[in-house]
Amino acid sequence: MNQHDKLQRFLFDGAPVRGALVRLDGAWQQVLSRRAYPQALKTILGEMMAASVLMAANLKFDGTLILQIHGTGALKLAVVECNNDRTVRATAKWEGELEGKPLAELLGSGGRFVLTLEPRLDKNQTWQGIVALEGESVGEMLENYMRRSEQLDTALVLASGDDAAAGMLLQRLPEGHGEAEGWQRIQMLGRTLKSEELLTLDAEDILHRLFHEEEVRVFEQESVSFNCNCSRERVGGMLTMLGGEEVGSVLLEQGSVEIVCDYCNQHYVFDEEDVTQLFDYDVVASARDARH
């Protein structure tokens, strides 16, 4: 079986622990092909991408899990989205040098890490949580968030390279699902997993290497893929929200309106005829009259 771009969930019968492994190859390459990210940002974005799939794996939720890092330092923005159909996309923005700096320094004093659950149908039910910038990595920050905000003891081991992004999540279940001491034993074993092993070994090999003395129930693997849901219709909707005056001004100055999707680098161009159809009136003439 092809182990690439796969999510593997598992459960321990003798301990109160559930877990998941993910390795992203093609999906990660799709992200990297859209933009030349610095090495330090590849690490952060790849770890966020793996973490989003792992965290979404345990949610019974019809919608999107979004991890967003906003910074005031060299790292301005990093966003990863994972849908309940196991499709992912990611993008980032930065300025200046990133190499050799810890994550907290890259984000600056005004950095924010936000976790969002956005329902597919009712956007009014969107939920957000603030992830404290406590820890030296994406994994440590999310572990602290899950423990303090969600009361879920969690271990996250994440890795990212030029060829793949991968991760393992272990979570403690309520008592009654196995021996109470099992969590400490399992998470200590899990933390011995090395980045190189995460990025190169199949899920079956990793589980055997770490937990061959445990009773592990393995579920059917799930495929993960890159997908961007941008479309000309969505971009047109965004332009109408901007308003005819602003869009007309851009047309007057540039002759067309061009929007580039940050996630997939798709270019959408709207000329005067396209925009007139969107607004049902001549926005260029309106903008010209407003200037006089």
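Below is a table of values for the structure above.
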{"quantity": "Computed [θ] at 222 nm, deg cm²/dmol, the chain (DSSP H ≥ 4; -39,500 (n - 2.57); rounded to nearest 500)", "calculated": "-10500 deg cm²/dmol"}
{"quantity": "The chain: angle of helix 138-149 to the longest principal axis, Cα-based, in degrees nearest 10", "calculated": "80 degrees"}
{"quantity": "D202 - accessible surface, heavy atoms, 1.4 Å probe, Å² rounded to 10", "calculated": "50 Å²"}
{"quantity": "Karplus-derived HN-Hα couplings along the range 85-97 (A = 6.51, B = -1.76, C = 1.60, θ = phi - 60°), whole Hz, x at Gly and Pro", "calculated": "8, 6, 9, 9, 8, 7, 7, 7, 9, 8, 9, x, 7"}
{"quantity": "Share of Cα-Cα pairs in the range 114-184 lying beyond 13 Å, as whole percent", "calculated": "73 percent"}
{"quantity": "Rg to Rh, two decimals, where the range 1-103 supplies the alpha carbon set and Rh follows Kirkwood", "calculated": "1.02"}
{"quantity": "Heavy-atom accessible area per residue - the range 10-99, 1.4 Å, Å²", "calculated": "32 Å²"}
{"quantity": "The range 216-265 - accessible surface per residue (Å², probe 1.4 Å)", "calculated": "60 Å²"}
{"quantity": "More than 19 Å apart - percent of Cα-Cα pairs taken over the range 198-258", "calculated": "61 percent"}
{"quantity": "For the range 230-283, projected area of the alpha-carbon convex hull averaged over all directions, nm²", "calculated": "3.4 nm²"}
{"quantity": "Karplus-derived 3J(HN,Hα), 6.51/-1.76/1.60, for each residue of the range 56-66, Hz, glycine and proline x", "calculated": "6, 4, 9, 9, 9, 8, 9, x, 10, 9, 10"}
{"quantity": "Cysteines (scope the chain) whose Cβ has no counterpart Cys Cβ under 4.7 Å", "calculated": "C82"}
{"quantity": "Loop-resident sites, the range 5-82, for trypsin sites (Lys or Arg not before Pro), counting at most 12 other Cβ within 10 Å (DSSP)", "calculated": "K60"}
{"quantity": "The chain - percent of accessible surface contributed by carbon and sulfur, probe 1.4 Å", "calculated": "46 percent"}
{"quantity": "Gaussian network model of the chain, Cα within-10 Å springs - most flexible of S52, S33, S160", "calculated": "S33"}
{"quantity": "Which labelled figure in (1) 33, 22, 16; (2) 32, 19, 18; (3) 42, 19, 18 is semi-axes √(5λ) of the Cα gyration tensor in Å, once derived from the coordinates", "calculated": "(3)"}
{"quantity": "Flagged links, alpha-carbon separation over 22 Å, of K60/K194; K6/K93; K76/K101", "calculated": "K60/K194; K6/K93"}
{"quantity": "Length-normalised contact order for the range 145-292 - Cα pairs under 8 Å, 6+ apart - percent", "calculated": "15 percent"}
{"quantity": "Exposed-loop-free span, longest in the chain, where GluC sites (Glu not before Pro) count as exposed if DSSP calls them loop and at most 15 other C-beta atoms lie within 10 Å", "calculated": "1-94"}
{"quantity": "Semi-axis lengths, Å, the range 168-292, gyration tensor of Cα atoms, sqrt of 5 times eigenvalues", "calculated": "58, 16, 12"}
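The values are calculated or read from the model by the stated rules, or taken from the named source; none is laboratory data. Please read these numbers as outputs of a predicted model, since none were measured by experiment. As a convention, Cβ positions derive from the backbone with ideal geometry for all residues, glycine included, and neighbour counts pool all protein chains shown. Accessible surface is based on the protein model in full, side chains and every heavy atom, while ligands, DNA and RNA are left aside. Shrake-Rupley method; radii C 1.70, N 1.55, O 1.52, S 1.80 Å.
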